[in-house]
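The values are calculated or read from the model by the stated rules, or taken from the named source; none is laboratory data. This one's a predicted model, so the numbers in the text were calculated from it and none came from an experiment. Don't worry about glycine lacking a Cβ; one is built from the backbone with ideal geometry, like all the others, and counts go over all protein chains shown. Just so you know, the surface numbers come from the protein's heavy atoms only, side chains and all, with ligands and any DNA or RNA stripped out. Shrake-Rupley method; radii C 1.70, N 1.55, O 1.52, S 1.80 Å.
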Amino acid sequence: MSTSGNGTAHSSNLQVTHEAPADGGRLIVLTAPLTEAIDHAGYFIQMALASLPIWMEGVINRKYPKWREVEHNPDGSARYMPAGVRLVEKSLLREYRSDDVVACFPDDLHKFVGPRTRVVAVSTHNPLGVTFAAGVYTSIFGSSRMPINSHYSRLLFAKIKASPYRESFKVIVGGSGGWQIIQTDTYEELSVDCVVEGRSESTDTLELFRKAIRGEELPRVVEVKHPIDREAILFPDTRTTFGVVEMTTGCGRRCKFCVPDLNPQIDLPKDKIMGAVRANVRNGNKQISLATEDMFIWGQVHTETPFYFPNREALVDLYSDIVNTPGVEQHVLSHCTIAPAVVDPLLIKQLSDLLLPKSPIHFPLLSSHPQKKALSPLIGLETGSVRMAKQIMSSKGVPFSIEDWPSVVLEGLRVLNENNWFPAMTLIVGNPGETDQDVMETIDLVYEIERRGLFAFLIPSIFTPLHDTRMEKEKGVTQTRQLTPLQWQLMMKCWKMNLRPGQYSWWGPMAWRMGAIGMWLYKLRRLNGPNFTWPLWMFSGAISEKNLQRLGKIYRGKPVKVKTRKELIASLKPKDWQYLRADNGDMPAGFEQHLAAHAAAV
Ligand code: B12
Ligand code: SF4
């Protein structure tokens, strides 16, 4: 049971009332799964909800007993909703009256869905848990189909399906996870009429809603265009979950497996970002997070400087205004890339000075900040194999050559750690064509991170061919039982390293040993097959890595030859030197003469 902000109790079970809302309901009702809408405990809880199987919900309940408690506006609508829902709402309000449209939590649908309702629109991020990282952890623990988030998404769809007014409204689904319904063909099962691929701002989306309201048949899938003009992107003027406000769309580094990179590279206008920040604060939010694939491109899109040389002044100005907005008590970073930390370490320092005081993240054993605060953006590491990196993400490290990818990762991480940034870094296991040699090179890089005393939360996930990407048709590993001993070892080594900061108590290592082996005996041995066994022993720490290597059970990684920042900078093409900032030091020999000659030529 959960209690809403206005004191009414709700159950998160299927709840069907046949009593019509007094006003006949709203014409258009917007919603999202509870697990994607909650604005509680920060980003990590939602990531856990997406990654743990439903049978582990008790772990979340114990850690966050109040996670289901949500707040309401006086009319019963949702006080906050994911940014995607808010934009659909904003898009619709260009055409419909505000009392025609409402955004509500799943438990409140019966208050707004009535005989007048013509559309129930669902925004979803990850409804069936078939995307990377989400699928992999649930499959390790036993059921690949039902992460907690997926369970709650299904509850939402079941509730909509069971509505006594279901015949008189259409169900339209959108958001970054809509493709999962198309790919699994679960339209009937979930009672979905149409999935929209693309942004709500599009006039095609509005036309679709018009059609639904006229009661016409809808196509199963509608692809709508992404605005290419930064002014065409709308901004919420109500509160969003976690204070998410869009900062950029697209990326530009062109990794082949990536969905967001397919969108146009746009950095959004500062005044609009600030307007949405203020709107969040006005509506009771204390936290802001700018949604982006790479925060470092903001201020450098379609300028004369290539986007991968960050615009230090613009970024510092933007973040400074955000964290200094009265009412913003917390600020969280979303995604970025690592090469900019090597390009401009002073930018990282200046951002740290600004952002650390407002970061809600504390890593007492890692941070040198007086209050042990830290910043933890999500960064793609993906692979330590240069051969693989060339195939799937040849521009990931620009302006540096992809040949230097391991050095870019290690030097970038050094700069970040020195400034109290401890990123979550994703790795892809089981890329199409991945050989044992590729996995060994990734293991080498992971051991090198450990050897150098660097820290990142390493999050391995199994390759998932995502819809529409240039790797859509490729096949990698599909089940955890197919993972090789080396792939398992990479996964378990990452998790072993992640748990390091929690292992300094006297009881920590012991608990892990017992827990890991107990879990293996109980469930995981059968599920994940024999290749899992020795990596798990390595993870548990019950037998030392040295001994496991001596017995020939694991590969312990060999030292990686790494370029220093100075060497990396020296490897840049002279045409790029003009974009370097001398205050970072490590300038290539002949830098000043080169710049003078360049200036003269210009
Ligand atoms: C912020 C963010 C988070 C936050 C907050 C999420 C939240 N609930 O608000 C956190 C960190 C919690 C998170 C978690 C996860 N995330 Co996330 N996240 C993002 C990020 C950076 C921004 C999302 C956002 O708000 N964008 C701004 C809004 C406006 O965009 P939007 O939601 O897409 O909405 C637009 C359209 O989709 C459309 N639309 C949306 N809804 C609807 C509905 C209808 C009816 C219509 C017509 C249109 C429509 O219109 C909107 C614009 O007008 C995106 C990347 C990105 N740039 O989108 C990744 C992203 C969405 N996340 C992703 C993933 C994988 C996850 C996790 C599964 C990761 C994990 N394993 O833990 C979890 C899942 C969480 C869950 N509960 O299930 C992937 C999704 C991949 C996919 N589904 O195919 C993305 C694309 C990142 C990536 N690079 O791959 N995420
Ligand atoms: S760097 Fe990240 S966001 Fe950019 S293309 Fe690669 S995976 Fe996508």
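Residues of segment 548-575 that are open to solvent by 80 Å² or more (accessible area, probe 1.4 Å) and hydrophobic (A, V, I, L, M, F, W, C): L551 alone.
Among residues that are within 25 Å of S289 (Cβ to Cβ), part of a loop (DSSP other than H, G, I, E, B) and open to solvent by 20 Å² or more (accessible area, probe 1.4 Å), P74 is not included.
Within segment 82-99, residues that are more than 9 Å from ligand 1 (Cβ to nearest atom) have Cβ atoms under 7 Å from residues that are open to solvent by 20 Å² or more (accessible area, probe 1.4 Å) and hydrophobic (A, V, I, L, M, F, W, C) in these pairs: Y96/L27, counting only partners at least 6 apart in sequence or on another chain.
Taking the numbered list (1) at pLDDT 95 or above; (2) more than 12 Å from ligand 1 (Cβ to nearest atom); (3) of a type in the set (A, V, I, L, M) in turn, I228 passes all entries but (1). If you go through segment 88-123 and keep only what is assigned to a loop (DSSP other than H, G, I, E, B) and open to solvent by less than 50 Å² (accessible area, probe 1.4 Å), you end up with Y96, C104, F105, V113, G114, T117. Scanning segment 324-356 for residues that are away from ligand 1 (no atom under 16 Å from the Cβ), open to solvent by 10 Å² or more (accessible area, probe 1.4 Å), not acidic (D, E) and not in a helix (DSSP H, G or I) yields N324, T325, P326, G327. Report whether or not P127 is open to solvent by less than 40 Å² (accessible area, probe 1.4 Å), under 23 Å from P236 (Cβ atoms) and not in a helix (DSSP H, G or I). Yes, satisfied. In segment 231-271, which residues are touching a helix residue (DSSP H, G or I) at 6+ places or on another chain (Cβ under 9 Å), within 9 Å of ligand 2 (Cβ to nearest atom) and open to solvent by 20 Å² or more (accessible area, probe 1.4 Å)? Across segment 231-271, the qualifying residues are G252, R254, K256, F257, V259.
Against the test of being touching a residue at least 60 places away in the same chain (Cβ under 8 Å) and hydroxyl-bearing (S, T, Y), the options S376, S367 yield a single qualifying residue, S376.
Could you tell me whether any residue of segment 418-428 is more than 23 Å from L490 (Cα to Cα) and open to solvent by 50 Å² or more (accessible area, probe 1.4 Å)? Yes, segment 418-428 has at least one match.
Every residue, every condition in (1) of a type in the set (K, R); (2) at pLDDT 95 or above, yes or no:
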site: M47; (1), (2): no, no
site: E57; (1), (2): no, no
site: K63; (1), (2): yes, no
site: H72; (1), (2): no, yes
site: S91; (1), (2): no, yes
site: C104; (1), (2): no, yes
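Residues in segment 272-306 that are surrounded by fewer than 22 Cβ atoms within 10 Å (Cβ to Cβ), within 23 Å of the chain's Cα centre (by Cα) and within 16 Å of ligand 2 (Cβ to nearest atom): A291, V301. For first residues located in segment 555-574 and over 27 Å from V439 (Cβ atoms), partners that are of a type in the set (D, E, K, R) and not in a loop (DSSP other than H, G, I, E, B) and lie 6+ apart or on another chain with Cβ distances below 7 Å form the pairs R565/E411. For segment 357-374, the criterion of being at pLDDT 95 or above, buried (at least 17 other Cβ atoms within 10 Å of the Cβ), out of contact with any Ser or Thr (no Cβ under 9 Å at 6 or more places or on another chain) and over 27 Å from P460 (Cβ atoms) is met by at least one residue.
Within segment 302-328, residues that are of a type in the set (G, A, S) reach partners that are surrounded by 15 or more Cβ atoms within 10 Å (Cβ to Cβ) and at pLDDT 95 or above with beta carbons closer than 6 Å, at six or more positions or on different chains, in the pairs A314/G299; S320/L354; G327/V281. Given the condition farther than 18 Å from P399 by Cα, touching a residue at least 40 places away in the same chain (Cβ under 8 Å) and assigned to a loop (DSSP other than H, G, I, E, B), answer yes or no: does some residue in segment 259-267 qualify? The answer is yes, given that some residue of segment 259-267 is farther than 18 Å from P399 by Cα, touching a residue at least 40 places away in the same chain (Cβ under 8 Å) and assigned to a loop (DSSP other than H, G, I, E, B).
In segment 375-412, the qualifying residues are those that are over 19 Å from I297 (Cβ atoms) and under 19 Å from the mean Cα position of the chain (by Cα), and the one that is surrounded by the most Cβ atoms within 10 Å (Cβ to Cβ) is T383.
Here A212 qualifies as under 26 Å from A103 (Cα atoms), more than 16 Å from ligand 2 (Cβ to nearest atom) and surrounded by 21 or more Cβ atoms within 10 Å (Cβ to Cβ).
For S176, the conditions (1) more than 16 Å from ligand 2 (Cβ to nearest atom); (2) open to solvent by 60 Å² or more (accessible area, probe 1.4 Å) are fulfilled apart from (1). Under the condition of being closer than 29 Å to W405 by Cα and either free of Cβ contacts under 8 Å to residues at least 40 places away in the same chain or open to solvent by 60 Å² or more (accessible area, probe 1.4 Å) (or both), the residues counted in segment 535-547 number 2. Which of the residues spanning segment 448-458 are surrounded by fewer than 20 Cβ atoms within 10 Å (Cβ to Cβ) and in a helix (DSSP H, G or I)? Within segment 448-458, E450, R451 qualify.
Just one of (1) surrounded by 15 or more Cβ atoms within 10 Å (Cβ to Cβ); (2) at pLDDT below 65; (3) part of a helix (DSSP H, G or I) fails for G476. It is (3). Scanning segment 397-447 for residues that are farther than 21 Å from F457 by Cβ, in contact (Cβ under 8 Å) with a residue 40 or more places away in the chain and among the hydrophobic types (A, V, I, L, M, F, W, C) yields V398, F400, M440. If G275 satisfies all but one of (1) small (G, A, S); (2) within 16 Å of ligand 1 (Cβ to nearest atom); (3) touching a helix residue (DSSP H, G or I) at 6+ places or on another chain (Cβ under 8 Å); (4) farther than 20 Å from G250 by Cα, what's the number of the condition it fails? All conditions are met except number (3). The set of residues in segment 586-602 that are open to solvent by less than 50 Å² (accessible area, probe 1.4 Å) and free of Cβ contacts under 8 Å to residues at least 12 places away in the same chain contains only G590. Could you say whether any residue in segment 369-378 is closer than 28 Å to I273 by Cα, within 16 Å of ligand 1 (Cβ to nearest atom) and among the polar types (S, T, N, Q)? Within segment 369-378 (the criterion being closer than 28 Å to I273 by Cα, within 16 Å of ligand 1 (Cβ to nearest atom) and among the polar types (S, T, N, Q)), the answer is yes, since at least one residue qualifies. Residues in segment 232-270 that are aromatic (F, W, Y) and at pLDDT 95 or above were compared, and the one that is nearest to D39 (Cα to Cα) is F242.
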